[in-house]
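What follows is a set of notes on a single structure, which appears directly below.
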Amino acid sequence: MYRRKVYLLFAFVFLTQLGIAQKAPLATLDSLAGRFIAELRNTSAEKFQIFTNKQVYAVGEIVWFKAFVQDLVSKRLTGKSNILFVDMVDANDHIVNQCMLHAAAFKTDGSFMLPDTLASGHYWLRAYTASSVAGKEPVIGIQPIYLINSLKPDPEKSSNLKAMNMAQESFKDSLLVNIHPEGGTVIGGATTLLAIKVTKMNGIPFSGSGFIKDNRDSIVARFTTNSAGLAKASFFCFSYSQYKVHMVNAGKPDLVYNVPPVNMFAAQLGLLENNGIRKLRIVLEDSLYRRDKLTFLLGISGDSLCFSSFGKGSYEVVLPEYRFPKGIAQFFLFDEERSLLSKRSLFIEGNEPLIKLVTEKQKYTAREKVNLSLEITGANQKTIPASFSITVEDRAKEVVLQNPGLSKEAIFTSLAAADKDLYLLTDYKSLGDEIILKIKLPKHWEEQPKEDSSLYIKGRVIDGRGRPLVKKIVTLFGDMKSKLFVSDTTDEKGAFNFPLIAYYDQTKFNLQVTEPSGILIPSKIQLDTMLKIPAIKTPAHLKQYFEWEDITAVRKKLVLQIANDTILQRRGKEWLTDVTVRGYVKKDPGYDVKKRMSLFSKVIPADLLQRAGNGSLGNAIFRAPGIHLRNGYVTVTGGNSFGTGPQTEPLLVVDGVPIPSDTLDKLSGSEPSPLLMALNRIDPATVDFIEVLTGSESAMFGTRGGNGVIIVNTRSTMLFDDPTKNNGMRNFLVKGFQVPEKFDHPDYAIKENRLSKIPDNRTHIYWYGDGVTDELGKSALSFYTADGSATYSIIVQGITAEGFVFRKEIMIDRK
């Protein structure tokens, strides 16, 4: 009985200590995992994709493109940055085209016209944001294209390119070999896996064979690279041995490359597979190994924690693939001090989204409508929203190059299952190194997002002696989709700031400085640099080139195609004879009469504004018959209201856009009339004419026009002020977001177009860059075929809401 009590007491103490010992690693693991995921989600890094409608262009054509901004961690589309810069650079990295796209609104499709001033050669489209290029290693998306200009010498015919070709020839026997040990390090006393990537000097994958030798000149492994230039080799590694990779060089001496040396203080996270079961193996080097050495393992997919565990010494863990969605999974191995020991990325198989792209039939006649439907569903048969672009090209006339510039996702998707693991070992970069410092900090650290003020309009107001003017009213008037009419008060430094959200390229703005009463102040407006475009240099390894042999072939094909499509007409009976028109020239009224709303209105032209207004629109409007000032408020003869007050003033319309009365009421000043204060804040130099509606014609504005309407029409072409003058006014054009270009294609639903005798020889049939599926994951589009026989290639490219990059191609015939 006594012995039994002793056993029970011993068992209780042992299990209690075991529970305490077990609880400590679990608490550490929970803390590590929580901190890691939190910092992972706080990482605001971006990545970029660019899709173009084709690869090879001739001058005069348009490059249609779609760019995507993804969160680097979750892979989902992101609008963290307001501005996406997209530019086109030549072989010397000079910018030949550039635009800004509204990334925050997910409006990231655009176009570049290719002028005949550009020479033939390689060009690259780059996509980036101000934050993505602010670090030591700029992150940009890049897509190569090739341009052919028959009027400019091809690069191959120039002396510079001849030298380049000679360099290409000299590199034929040289290769770029990158050696990537599994887990990031070579470890002794265990089987080591090396992933090997072999390319030519221009980045094209190289298919060949090789072997690995140790320092005793013994071959320990052989390998053969696949079509992607990838191979793997495994061998038992001894701690004090040295190893080299030998590439067979077609009868010549081997090309030899050093394998990274053994790290005596390393840990390795590797992958084992046996009978379809995959395990994660943790091996500690002799200098680091202890049987009680604790390590912690985290399994991440995107920005979610899918698996965590801990162990001691060297051990194996069965990989729970059922916990991970399809895609790339990352595994991180930490020690008790939260130091990253090793990492491994691998691909988890599963059911990928189904991309269904169909037309109602296979064969079409000339100028026939093609109805196209797109549907995207997930593994659970639920539809998935997506953003996409669609291009339709005549496959028979399309020129295709071997494209080394495909995105990593596109290359990865095209690989066989066995090669995806190799690709991840050689080309995939995880975020482990970037956040490891954060999770070791004693307190929670979070980088505060910087405010994107690239499109702000700001500056200072000073007097003739350079002194700041304080508490003055600066009014900004902008020619935007909805008329901008806002004011700001200068601070103690004379500064003003208008935090605009978005405006399109070549938007015109006007600034005017007044007293709170609305009186114009002689002053000078100094504008800050309104847009700071990042200056970046394209990393050399990203500027990949097409094969010269392919370029030569497609050049001949494209030049022949251009020649066949060019119609040379001689002057003959089909040309009309010259006609001389005689008549009377009407006197120029001094304003754009097409903008006038009514023939019965009163008009104040620009010359009268300058003579009678004394620099103020508020004074000039009284030159129109029927406008009076009663008790400090503007009234129009024929108005419906009785009495006086803000509610009895006429409606103000600027370039066809009514200015709401609540906007006028917010204008501060001693002048009782909100209308007069609003008019005095408009620069007279920007006004073409003022039109006053006093009769029944004001009914076109509804009940709001019952008190009359004053319409201010600004100039279509801006007359710029001299910025050095102290006149208290400034007008200017600013660079904004690219105006969305519409792809021009005929609408044969219109009878006149369908029966037209003008031949339709288009080869690029359709482009749509702003595609978004509806809440059911579906989208329907339509276009028309051209006249000639063709086989049309329909390609859709995009990203799902879950971050899956997809590409789908189908064919239809025009017979």
Residue count for the stretch 759-780, restricted to those that are modelled with pLDDT under 85 and open to solvent by 80 Å² or more (accessible area, probe 1.4 Å): 2
Members of the stretch 483-496 that are more than 19 Å from Leu733 (Cβ to Cβ) and modelled with pLDDT under 90: Ser487
So in the stretch 498-537, with the set limited to residues that are assigned to a strand (DSSP E or B) and of a type in the set (S, T, N, Q), which one is most open to solvent (accessible area, probe 1.4 Å)? Gln526
Given the options Ile525, Ile533, Ile519, name the one that is in contact with a helix residue (DSSP H, G or I) (Cβ under 8 Å, 6 or more places away or on another chain) and in contact (Cβ under 8 Å) with a residue 12 or more places away in the chain. Ile519
Among the residues of the stretch 716-734, are any more than 30 Å from Ile83 (Cα to Cα) and among the β-branched types (Val, Ile, Thr)? yes
Failed criterion for Gly79 (all others in (1) part of a loop (DSSP other than H, G, I, E, B); (2) open to solvent by 20 Å² or more (accessible area, probe 1.4 Å); (3) touching a residue at least 60 places away in the same chain (Cβ under 8 Å) hold): (3)
Filter the stretch 357-366 down to the residues that are in contact with a Lys or Arg (Cβ under 8 Å, 6 or more places away or on another chain) and open to solvent by 30 Å² or more (accessible area, probe 1.4 Å), then identify the one that is nearest to Glu752 (Cα to Cα). Ala366
So which pairs qualify, if the first residue must be in the stretch 333-355 and free of Cβ contacts under 8 Å to residues at least 60 places away in the same chain and over 14 Å from Gly183 (Cβ atoms), the second must be assigned to a loop (DSSP other than H, G, I, E, B) and open to solvent by 40 Å² or more (accessible area, probe 1.4 Å), the Cβ gap must be under 8 Å, and the two must be at least 6 apart or on different chains? Ile348/Pro325; Ile348/Lys326; Gly350/Pro325; Gly350/Lys326; Gly350/Ala379; Asn351/Lys326; Asn351/Ala379
Conditions: (1) under 19 Å from Thr191 (Cβ atoms); (2) modelled with pLDDT under 90. Gln330 meets all but one. Number of the miss? (1)
For the stretch 567-666, which fully contained helices (runs of 4 or more DSSP H) count at least 1 residues that are modelled with pLDDT of 80 or more? 606-612, 617-620
Yes or no: Glu409 at pLDDT below 65, part of a helix (DSSP H, G or I) and either in contact with a strand residue (DSSP E or B) (Cβ under 7 Å, 6 or more places away or on another chain) or surrounded by fewer than 17 Cβ atoms within 10 Å (Cβ to Cβ) (or both)? yes
Suppose we keep only residues that are part of a strand (DSSP E or B) and open to solvent by 20 Å² or more (accessible area, probe 1.4 Å) within the stretch 214-235. Which one would you say is nearest to Thr426 (Cα to Cα)? Lys232
Contacts under 8 angstrom Cβ, first residue in the stretch 736-747 being farther than 17 Å from His102 by Cβ and of a type in the set (Asp, Glu), partner surrounded by fewer than 16 Cβ atoms within 10 Å (Cβ to Cβ) and at pLDDT 85 or above, 6 or more apart: Asp747/Asn753
Counting only residues in the stretch 363-405 that are part of a loop (DSSP other than H, G, I, E, B) and polar (S, T, N, Q), the one modelled with the lowest pLDDT is identified as Asn403
Per the filter on the stretch 59-69, residues buried (at least 18 other Cβ atoms within 10 Å of the Cβ) and at pLDDT below 90 are Val59
Out of curiosity, is Ile187 modelled with pLDDT of 85 or more, crowded, with 22+ Cβ neighbours inside 10 Å and touching a His at 6+ places or on another chain (Cβ under 9 Å)? no
Residues Phe804, Phe783: which one is crowded, with 21+ Cβ neighbours inside 10 Å and modelled with pLDDT under 90? Phe804
Taking the criterion of being assigned to a loop (DSSP other than H, G, I, E, B), surrounded by 13 or more Cβ atoms within 10 Å (Cβ to Cβ) and modelled with pLDDT of 85 or more, would at least one residue in the stretch 717-730 satisfy it? no
Check the stretch 299-310 and report whether any residue there is free of Cβ contacts under 8 Å to residues at least 40 places away in the same chain and either acidic (Asp, Glu) or closer than 30 Å to Val220 by Cβ (or both). no
Among strands (runs of 3 or more DSSP E) completely within the stretch 239-343, the ones holding 1 or more residues that are touching a Gly at 6+ places or on another chain (Cβ under 7 Å) and open to solvent by 50 Å² or more (accessible area, probe 1.4 Å) are 243-249
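The values are calculated or read from the model by the stated rules, or taken from the named source; none is laboratory data. Because the structure is predicted, anything quoted here is derived from the model rather than measured. When we count neighbours, we look across all protein chains shown, and the Cβ atoms used for this are built from the backbone with ideal geometry, even at glycine. Keep in mind that these areas ignore ligands, DNA and RNA; they rest on the heavy atoms of the full protein, side chains included. Shrake-Rupley method; radii C 1.70, N 1.55, O 1.52, S 1.80 Å.
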